Amino acid sequence: MERMGEDGEDKLIAMARHIARTLGRTDTMADDILQIFSNFDGRFSREKLSDEHPALSSLERRLRAYVSSDRPIWSDSGAASEFLSALDDLIAAGGLHPRADDLLQQCMLRLEEEFRMLIEQPAGTIDSGDEEDDSDGEDSIPVAYPVADYDIIIDAIPPGTVADLHSIATRMVAAGFAKECAHIYALSRRDFLDESVSRLGIRARTSEELQATPWGELEDEIARWVRAMSVAVRILFPSERRLCDKVFAGLSQAADLAFAEACRGTAIQLLGFADAVAVVSRAPERLFKVLDMYEAVRDLIPEIESLFSDQYSSFLRSEAFAIWKGLGAAIRGIFMELENLIRRDPAKASVPGGGLHPITRYVMNYLRAACASRRTLEQVMDDDGGSGLATTDLDRPSSSLAVQIAWIMEVLQSNLEAKSKVYKDPSLSLVFLMNNGRYISQKARDGELGALLGEEWARREAARLRRWMTEYQRMAWGKVVAVLKTDGPGGGGSGKAMRERLRLFNGYFEDVWREQRGWVVPDERLREELREAAVGMVVPAYEGFLGRLRVVEGGRGVEKQLLMFSVGDVETRIGDLFQGSSSVRRP
């Protein structure tokens with residue numbers, strides 16, 4: 001019991017000393033407080049209250065003068081050196097007494113304040129270069145001036161200040177305050193990074209806001225984002241890494257933590273933008289901007305893996321990789337949406353005159369433009385493992401992109417064949433198919449699209465066009481030519497029968513000419529091929545028929561009113577076909 005009483009008295013005396021130190025800003029004030037305690041209770045004699053750690057008291061007096069000062073310590077290099085020297089002694093004596101721990105805590109709080117003031121001194125930030133510098137001197141964010149290339153490093157803090165920051169960081173880490181030092185560094189540097197990205201035209205917005213933004217506005221933002229992403233990964237973040245390594249030289253763990261915390265917000269903002277774009281509506285027209293973003297992230301992955309390789313920032317590396325893959329999935333989704341768009345295009349309305357359908361023009365120009373990024377698209381499609389496509393026995397190129405493109409062409413062809421059935425005249429249906437088939441073949445004849453589809457595909461399309469041409473000749477001119485035949489059972493060789501056939505020919509030919517004159521064949525070469533095919537089928541048969549008729553008539557000429565068309569007239573009229581004249585009649 002006696003021992004417990006002594007321990008209690010010791011604690012009471014220690015508490016009295018602590019109160020005196022805390023309330024007494026000077027030695028005189030502390031002595032006055034101790035004297036009051038001594039007068040109040042005999043247990044607080046001056047002998048008992050006298051300091052048992054004179055060295056610690058000396059350190060305390062030296063340090064408290066700086067800790068309690070209203071003036072920045074680092075405004076005077078001599079004062080900073082003296083403060084650090086005393087702090088080193090305190091750290092070396094740490095843990096010897098509760099007073100030392102309390103004093104160390106107060107010193108760390110003051111160091112945090114000094115650290116923040118040093119790192120937030122004005123310097124410069126990245127500028128987009130799009131606008132005139134309107135700085136009025138009030139912006140305290142460090143600013144680095146516009147750059148012409150990415151092979152640079154920004155020194156946003158003067159070397160002398162970096163040395164001072166390093167001296168503070170060294171003491172805070174040695175005292176066990178590494179996390180606090182890294183945190184205060186990151187808080188101060190985030191403004192620099194955020195402001196730099198903002199100057200490049202990127203502003204923080206939620207995923208919901210981005211998804212509600214009209215695509216036209218978003219296209220402009222994507223263009224700015226691509227540039228900002230490159231600047232951030234190739235200039236801003238490497239510069240920040242270099243600064244961290246200098247401020248925390250020899251303190252690698254603290255440097256990694258500070259770098260990760262400083263860059264996290266800006267990196268997540270940039271990556272979050274890409275992530276939001278990847279999940280917006282996958283309309284086909286959005287492909288090209290999403291491709292730009294995919295290529296931007298892909299090209300930066302090596303730098304990202306190098307920059308964010310430590311334990312604290314590895315999640316940023318993982319996030320960038322996931323978003324890169326997400327953009328690839330978005331591109332594949334856009335191609336699926338293109339396929340769905342073709343399937344959904346209605347087959348109810350027909351194109352006047354059997355001309356080129358808008359869906360054909362849209363799809364073929366779209367694919368040609370898309371294939372300008374063939375290498376990227378092949379990477380995207382191969383990354384999917386080729387899943388989700390129906391396999392056929394067609395001899396197609398083997399890459400996943402080639403299979404995807406060939407499949408879209410099949411979907412387009414099926415859609416066009418369905419549309420051709422809207423025409424009541426089978427001949428016009430064939431003209432419609434030939435017009436669109438010829439356009440498809442021409443667009444796929446050269447360039448990256450042609451290389452992807454291959455020669456076998458081109459041969460199949462040419463064979464399909466020839467088949468349609470043959471069917472057209474039979475459907476459009478078969479009846480006209482058939483009436484001119486005089487051989488076979490019931491062929492009729494009498495003059496009367498042949499004159500009747502001539503009358504039928506006149507009517508049939510007139511009807512076909514009037515109808516097909518309004519049909520449309522935009523491609524000049526196809527137009528001439530169709531005319532030549534008709535001439536080759538009709539003119540020889542008509543010429544032969546007229547010759548036989550003259551023989552039957554005994555060499556007499558055919559009556560003028562019966563001979564409506566000479567051979568030359570027939571050939572001329574066929575040459576007038578497919579002009580798309582105003583006499584077009586809808587099916």
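Things to note:
- For the range 350-362, the condition holds for at least one residue, the condition being that it is in contact with an Asp or Glu (Cβ under 6 Å, 6 or more places away or on another chain) and either in a helix (DSSP H, G or I) or exposed (fewer than 15 other Cβ atoms within 10 Å of the Cβ) (or both).
- Of all the listed residues (ARG527, ARG573), the sole one being modelled with pLDDT of 90 or more, in contact with a Phe, Trp or Tyr (Cβ under 8 Å, 6 or more places away or on another chain), assigned to a helix (DSSP H, G or I) and open to solvent by 60 Å² or more (accessible area, probe 1.4 Å) is ARG573.
- Residue within the range 330-347 that is of a type in the set (Lys, Arg), under 11 Å from the mean Cα position of the chain (by Cα) and over 30 Å from PRO238 (Cβ atoms) present: no
- Tabulated pairs, the range 208-222, first over 11 Å from VAL277 (Cα atoms) and without any contact (Cβ under 8 Å) to a residue 60 or more places away in the chain, second small (Gly, Ala, Ser) and assigned to a helix (DSSP H, G or I), C-beta under 7 angstrom, 6+ apart or interchain: none
- Meets criteria (farther than 24 Å from ARG343 by Cα and open to solvent by less than 10 Å² (accessible area, probe 1.4 Å)) for SER494: no
- Pair list, Cβ under 6 Å, 6 or more apart: the range 165-191 residue closer than 25 Å to LEU236 by Cβ, other residue among the β-branched types (Val, Ile, Thr) and surrounded by fewer than 21 Cβ atoms within 10 Å (Cβ to Cβ): ASP191/ILE141
- Taken across the range 72-80, residues that are within 23 Å of PHE248 (Cα to Cα), open to solvent by 40 Å² or more (accessible area, probe 1.4 Å) and at pLDDT below 80 do not occur at all.
- Qualifying residue in the range 237-248 (condition: open to solvent by 20 Å² or more (accessible area, probe 1.4 Å), in contact (Cβ under 8 Å) with a residue 40 or more places away in the chain, within 27 Å of LEU367 (Cβ to Cβ) and not basic (Lys, Arg)): no
- Per-region count, the range 157-188, residues within 40 Å of the chain's Cα centre (by Cα), over 11 Å from PHE115 (Cα atoms) and open to solvent by less than 50 Å² (accessible area, probe 1.4 Å): 3
- Qualifying residues in the range 306-320 (those that are touching a residue at least 40 places away in the same chain (Cβ under 8 Å) and farther than 17 Å from ALA186 by Cα) - the one surrounded by the most Cβ atoms within 10 Å (Cβ to Cβ): ALA320
The values are calculated or read from the model by the stated rules, or taken from the named source; none is laboratory data. Bear in mind the structure is a predicted one, so any value in this text is a computation, not a measurement. All Cβ positions, even for glycine, are placed from backbone atoms using ideal geometry, and neighbour counts span all protein chains on display. Side chains are part of the model used for accessible areas, which takes the heavy atoms of the whole protein and leaves out ligands, DNA and RNA. Shrake-Rupley method; radii C 1.70, N 1.55, O 1.52, S 1.80 Å.
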